[in-house]
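Chemist: A single structure is presented below for examination.
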């Protein structure tokens, strides 16, 4: 995977996983598992438990890849968010088992650390959830204002991870036409979302 910009390849992998592509899922696991394990270990410092959580994360990704929205988050940010939430859920489950929990939250200095409280901020609060819902609603409204061609181009380019050339081939349109549709669609989306933000202020 390119070290310059992995997002397009990850978007394409997630799109294929959403269609049940097991080979793409294997590539996604090999590409992202080490990074996601690191995310989990910052919350869940028991490595064996963290590896169990990592498996849960990828089960969740397999089931929920179709819900990934490239316009709301970069693919690695979305995957890391899934990993953080699963790690926090794991801590909550273990908090109900004091004997098990005490072995994983005792620091090197012998003092007990409340990891759940420390990382609770990783969960979105009511205000953040409301803002995300408002942003998603505004985005859907703005997308609906685009032409059918513009909507289709954005869907292929940003949800399915196709290049402009691949979009042009898929739609049987000249590359220049596709680039123009995408550019105008993004300009229109930006203006619409800015108006929505001003109206909500």
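Chemist: Neighbouring Cβ atoms within 10 Å as the yardstick, rank 88, 187 fewest first.
Modeler: 187, 88
Chemist: If you don't mind, there's one more thing I want to ask. Going by how many other Cβ atoms sit within 10 Å of their own, how do 62, 78 line up, fewest first?
Modeler: Lowest to highest Cβ neighbour count: 62, 78.
Chemist: What is the percent of Cα-Cα separations in the range 128-200 that go past 17 Å? Before the final figure, lay out each step's value.
Modeler: Values: 1205 of 2628 pairs.
Roughly 46 percent, rounded to a whole number.
Chemist: Moving on. Sort 186, 72 so that the residue with the fewest other Cβ atoms within 10 Å of its own Cβ comes first and the one with the most comes last.
Modeler: 72, 186
Chemist: Between residue 144 and residue 9, how many nm apart are label points set 7 Å from Cα along the C-beta direction?
Modeler: 3.8 nm
No lab work stands behind these numbers, since they all come straight from the coordinates. Here the structure is a predicted model, which is why all the values come from computation and not from measurement. Here Cβ is always computed from backbone atoms with ideal geometry, including for glycine, and neighbour counts include all displayed protein chains.
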